[in-house]
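Here, each number is a calculation from the coordinates, and none is a lab measurement. Everything numeric in this text was worked out from a predicted model, so none of it was measured. Quick reminder, even Gly has a Cβ in these numbers, built from the backbone with ideal geometry, and neighbours come from all protein chains shown.
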Amino acid sequence: MSVFRHQEKPRRVRKFIVRSLIIIFLALFAVIALGMWWYNGSIKPVDPENTTEQIITVNIGDNEATVSNNLEDKGLIKSALAYQLYVKKSGLEGKMQAGGYKISPSMPVSEIADKITNGDISVDLITILPAQRLDQIKETFAEKGYSEDEINKALDPSTYSEHPALADKPVMATLEGYLYPESFQWTLTTPLETVVSASLDEMALLLSDQMKQQLAVQELKPHEAVILASIVEREVDNPEDRTKVAQVFLKRLREGMPLGSDPTALYGALLFGIEPSVSADTPYNTRLYEGLPPGPINNISAESLKAVASPAGTDYLYFVSGDDGNTYFSNTLEEHEALTAQHCIELCSSY
């Protein structure tokens, strides 16, 4: 009798384990089946009968999450997550092409993804990149087929004399620094003034009344802030570093010290047609002359202007960009020289 009971116990354990495994398997199967049902449904058209098209813009640098969220927000796909899964599963990840695309709710995810990755563009883009000088922007316009006369006319500030983005720009100043970096819809028949106006519209939004109030706290007029933001834009890329660099420059301005920015010196040399050097004697050389240079040295992003308006709460007086891509901050000249000797060998020897 005791032997029989001893044998029954392992059988009950085995039955329990088998039942548990079956339940787990069925649960997993149900989850997978439910997931497949959701996925297959989510990549189908939102509304097969609705062929109303919308223009979806894919900018340079956009990722699948950005584009899919935009598509979902506009009611053109059912699920941003399903779109991303489809793109990954189909080997299309990272293959999007910038441009404007006509998309309707009647299109399945497969058709939308193929259109965007194959570059089936309905509206092309013309892109003004961050930290570009006016002469570089002119090259971009020329590459799109605009003539020199068309470019010069479109970049004449007097064409936009009433534009709010230019309300604080000195009358004789060019549009240097004021063309906001963005991708704009463009066709072969688009007047260049339309593109420039759209860029200035974005700049006007950035130079809002609230932004001007923040800049006033830093004792900066809007044009002065654009100049300083253009220097910050060129000096560093990291948003956190930008707020610290802005703090350094603002402190130097208040203490009557030269900004000591190499990009301003190099810009001045380029502008005056002399050998590029940090020792080039031009009004833009902030190693030689105190205060801000006469004007911006390139265009600016929102991040750089915001850094100038709301600088870091640090108290640095020096910084150096290292060969490793990092920025090193210090409080004294001795510390700065030590960090420069340690981290800036190739970069600092190139000027």
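Each of Ala204 and Leu129 was given a label point 7 Å from its Cα along the Cα-to-Cβ line. The distance between the two points is 2.9 nm. Listed values for segment 278-287 are Karplus-derived 3J(HN,Hα) couplings in whole Hz (6.51 cos²θ - 1.76 cosθ + 1.60, θ = phi - 60°), namely 6, 9, 4, 8, 9, x, 8, 7, 7, 7, and x replaces Gly and Pro. Here the alpha carbons of segment 125-206 define both size measures, Rg and Dmax, at 11.7, 33 Å. Considering segment 163-206 at the alpha-carbon level, its Rg and Dmax are found to be 11.1, 33 Å.
Dipole magnitude for segment 266-343: computed about the Cα centre from +1 point charges on Lys and Arg Cβ and -1 point charges on Asp and Glu Cβ, it is near 340 debye. Computed on segment 54-122, with alpha-carbon pairs under 8 angstrom and 6+ residues apart, the relative contact order is 39 percent. The mean sequence separation of alpha-carbon pairs under 8 Å and at least six residues apart, normalised by the residue count of segment 125-206, gives a relative contact order of 41 percent.
Between Arg287 and Glu219, the simple label model (points 7 Å from Cα in the Cβ direction) yields a spacing of 2.7 nm.
Listed from fewest to most Cβ neighbours within 10 Å, the set Val18, Val196, Val123 follows the order Val18, Val123, Val196. The trypsin sites (Lys or Arg not before Pro) of segment 202-301 that meet both conditions, a loop assignment by DSSP and at most 16 other Cβ atoms within 10 Å of the site Cβ, are Arg287.
Each of Asn63, Leu292, Ile22 was placed along the dipole of the chain (beta-carbon charges, centred on the mean Cα), and the one lying farthest toward the positive end is Ile22.
Taking 37 °C and 0.692 mPa s as the conditions, I'd like the Stokes-Einstein D for segment 54-122 in µm²/s, using the Kirkwood hydrodynamic radius from alpha carbon pairs. Diffusion coefficient, whole number: 284 µm²/s. Taking the Cβ-Cβ separation of Phe272 and Gln97 as r and a Förster radius of 41 Å, what is the calculated FRET efficiency to the nearest 0.05? E between Phe272 and Gln97, to the nearest 0.05, is 0.55. When the charge dipole of the chain is built from unit charges on Cβ atoms (+1 for Lys and Arg, -1 for Asp and Glu) and taken about the Cα centre, the candidate among Phe184, Ile32, Tyr267 whose Cα reaches farthest toward its positive end is Ile32.
Convex hull volume per residue, computed on the Cα atoms of segment 209-316, equals 90 Å³. Dipole size of the chain about its Cα centre, with +1 on Lys/Arg Cβ and -1 on Asp/Glu Cβ: approximately 2980 debye, rounded to the nearest 20.
Global size of the chain: 28.9, 109 Å for Rg and Dmax (C-alpha atoms, Rg to one decimal, Dmax whole). Partner lysines whose Cα lies under 22 Å from the Cα of Lys78, excluding those fewer than 8 positions away in the same chain, are identified as Lys44, Lys88, Lys89, Lys95, Lys102, Lys115.
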